[in-house]
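Structure record follows, encoded as structure tokens.
The values are calculated or read from the model by the stated rules, or taken from the named source; none is laboratory data. Just so you know, these numbers come straight off a predicted model, no measurement behind them. Note: ideal-geometry Cβ built from the backbone for every residue, glycine included; neighbour counts use all protein chains shown. Ligands, DNA and RNA are stripped out before the accessible areas are found, and what is left, the full protein with its side chains, is counted by its heavy atoms. Shrake-Rupley method; radii C 1.70, N 1.55, O 1.52, S 1.80 Å.
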Amino acid sequence: MDITHNLHIKANPEKIYHAVTTKNGISGWWSKDCSVGESEGGNSLLKFDKQGTPVEMGFITLELVPHKKAVWECISMPNPAWIGTKISTEISESGEGCDIIFSHTGFDQKWKGQEPFEQTRGTWNHFMDSLVSYCEKGKGQPW
């Protein structure tokens, strides 16, 4: 099972790529407290406060194609549905901005209709709005 968002962002590919591959970018729209592996094989750790409970998510950077693509794999997360899934951002210039395909892929079918998957789907809706806002206006809504 996959979650996919097709977005159009009025920003250049460099800005969008920076937003999804660097500490400054990720902290602007996703996680205020993070360390980001900015090269292939690098590890990232994103920290959140979920209603007073600390949550840490670990990733490894699998693929980086400057200004075009970034792929991370989840290697640690309290939500068991995420382990082994991949988060991919594909960027292509289009008109006054870029078309983005943002995908979170590889969920096991056993999570279909279950809270760990449905909660993820809803949370990505928030963060996609945050990514667009960050890239277009310079301010996102990271947690």
For q values of 0.09, 0.19 Å⁻¹, compute log₁₀ I(q)/I(0) with the Debye formula on a Cα-only model of the chain, without solvent. -0.24, -1.18
How many angstrom separate the Cα center of region 54-70 from the Cα center of region 90-138? 14
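Which residues make up the longest stretch of the chain clear of trypsin sites (Lys or Arg not before Pro) that lie in a DSSP loop with no more than 16 other Cβ atoms within 10 Å, not counting the sites?
69-111
Please give the contour-minus-distance gain from residue 136 to residue 76: 0.36 nm per residue of separation, less the Cα-Cα distance, rounded to one decimal in nm.
Numbers: separation 60, 0.36 × 60 = 21.60 nm, distance 3.08 nm.
The residue 136-residue 76 span can extend by a further 18.5 nm.
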Nearest 500 deg cm²/dmol is fine: what mean residue ellipticity at 222 nm does the chain get from its DSSP H runs of n ≥ 4 alone, each adding -39,500 (n - 2.57), divided by its residue count? -8500 deg cm²/dmol
If you build a Gaussian network model of the chain, linking Cα atoms that sit under 10 Å apart, which residue out of 82, 111, 72 swings the most? 111
Just to check I understand the Karplus step: with θ = phi - 60° and J = 6.51 cos²θ - 1.76 cosθ + 1.60, what whole-Hz values come out for region 106-112, glycine and proline as x? x, 5, 5, 4, 5, 8, 4
So what's the angle, to the nearest 10 degrees on a 0 to 90 scale, between helix 115-137 and the longest Cα principal axis of the chain? 20
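Whole-Å semi-axes of region 1-68's equivalent ellipsoid, largest first, each the root of 5 times a Cα gyration tensor eigenvalue? The partial results should precede the final answer.
Numbers: eigenvalues 93, 47, 34 Å².
For region 1-68, the semi-axes come out at 22, 15, 13 Å.
Below 8 Å, C-alpha to C-alpha, sequence gap of six or more: please give me the relative contact order for the chain in percent. Walk me through the numbers before you get to the answer.
Working: 317 pairs, mean separation 42.3, N = 143.
Once divided by the residue count of the chain, the mean separation gives 30 percent.
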Within the accessible area of region 47-90 (1.4 Å probe), percent carbon and sulfur: 55
Please work out the average accessible area per residue across region 42-143, using the 1.4 Å probe convention, and give it in Å². 53
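With the cut-off at 1.5 for a/c, could you classify region 84-141 from its C-alpha gyration tensor as rounded, prolate or oblate?
oblate
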